[in-house]
Amino acid sequence: MNEKRLSELSELMTKLSYSFTDPSLLNTALTHSSYVKGENRASTHNERLEFLGDAVLELCVSEYLYLNYPHMNEGMMTRTRSRTVYEPALYEAAKSIDLGKYIRLSHGEEHTGGRDKPSILSDALEAVIGALFLDGGLDSAKAFVLTFAEASVDAAVKSVSAKDYKTLLQEYVQHHHSGELEYTVIGISGPDHKRVFTMQVSIGGIVYGFGNGGTKQEAGQNAAKATLELLNLPSNDTETADK
C-alpha cells in the first residue's frame, strides 16, 4: 500500500474516530469487486466483509432497540430494525462521511458514477463495519454504528406503521436484494357496487402471497401481509411503542 493510499485511509479513520491496527482490513472494505478485475486481479474485494458487517449491524441495532425500547414488542422491533438497516438509510450514513471518496473502483464503474451509487455505498459501509469488528471487536464496531443508527432508529420508531404491510415488504426486498417486487390483479369478482379484487405478489418472478379486498389497495395490503407471513416475518401485531 503506497503512502497516498495510507494517507487517504488515515483521513477516513479520523472520520470513523477509530485507528485501525491493520489498515489493510479497511482497505479491503473499500475495494469494490469491479476493482479486482484486470490489472488489480491480485486485490481482495469487500463482499465477505460486507456479509460480516451486515450481521454486526443488525446485532448492534437489535441491542439498541432492546435496551432503549423496553416496551416494544418483537414485531415492532423487527420492522424498526428493517427500516434502519436497509439500503437508503445506509446510503445516507455513507454519504455523511463521504465514503465514496475512498472506495476503489474499476475505471468503468467510476465513469458511470459508482462513487455515488446507493448499492455500492451501502455495501461498502457494511464492509467497513465488518472491518471494524475484526480489528477492534464488537465495541469498536458498535461505537461507529451508533453514530448514525441512534437517530435512524428513533426516526423509524416514529414512522413505522404496523398496518402498512406493503412498505414493510418493500423494505425487506430492498435490504435482501431479492429482485423486483410486483403486485398483479389476477381476479375481479362481485357486482359493480361491491367489487372484490384478488392480488398476487411476486418477488424476482416467483409468486408468493395472495390477497382479496374491496379496493386494489386493500387487496395489495392483504397480499403483502400474506407474503410476509410466508417469509416468516411478523405482520400481525398492531401495538405501538414509546420510548
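Every read-out reported here was derived from the displayed coordinates using simple, explicitly stated rules and does not represent laboratory data. Since we're looking at a predicted model, the values are computed, not measured. With ideal geometry, Cβ positions are generated from the backbone for all residues, glycine too; neighbour counts draw on all protein chains shown.
Brief remarks on what is shown
- The chain: angle of helix 47-68 to the longest principal axis, Cα-based, in degrees nearest 10: 60
- Most mobile listed residue (H32, H45, H71) in the chain, GNM with C-alpha springs under 10 Å: H71
- The alpha carbons of the chain give a radius of gyration and a Dmax of 21.0, 75 Å, in that order.
- Per-selection Rg to Rh, the stretch 78-160 - Cα, Kirkwood hydrodynamic radius: 1.01
- Residue order for I120, I129, fewest other beta carbons within 10 angstrom first, comes to I120, I129.
- Between N73 and N232, the simple spin-label model (points 7 angstrom out along Cα→Cβ) gives 2.1 nm.
- Loop sites in the stretch 157-221: chymotrypsin sites (Phe, Trp or Tyr not before Pro), DSSP, at most 14 other Cβ within 10 Å: none
- Annotation: lysines with alpha-carbon distance below 30 angstrom to K37 (same-chain offsets under eight excluded): K4, K15, K95, K101, K117.
- Candidates Q217, Q170, Q200: whichever shows maximal mean-square fluctuation once the chain is modelled as a Gaussian network with Cα springs under 10 Å: Q217
- Between helix 118-136 and the chain there is an angle of about 60 degrees, using the helix long axis and the longest principal axis of the Cα atoms.
- Helix 3-16 vs. the chain, principal-axis angle (Cα, 0 to 90°, nearest 10): 50
- From the Kirkwood radius over Cα pairs of the stretch 165-230, Stokes-Einstein at 20 °C and 1.002 mPa s returns a whole-number translational diffusion coefficient of 182 µm²/s.
- Cut-off of 10 Å, at most 13 other beta carbons, DSSP loop: longest stretch of the chain lacking such GluC sites (Glu not before Pro): 1-179
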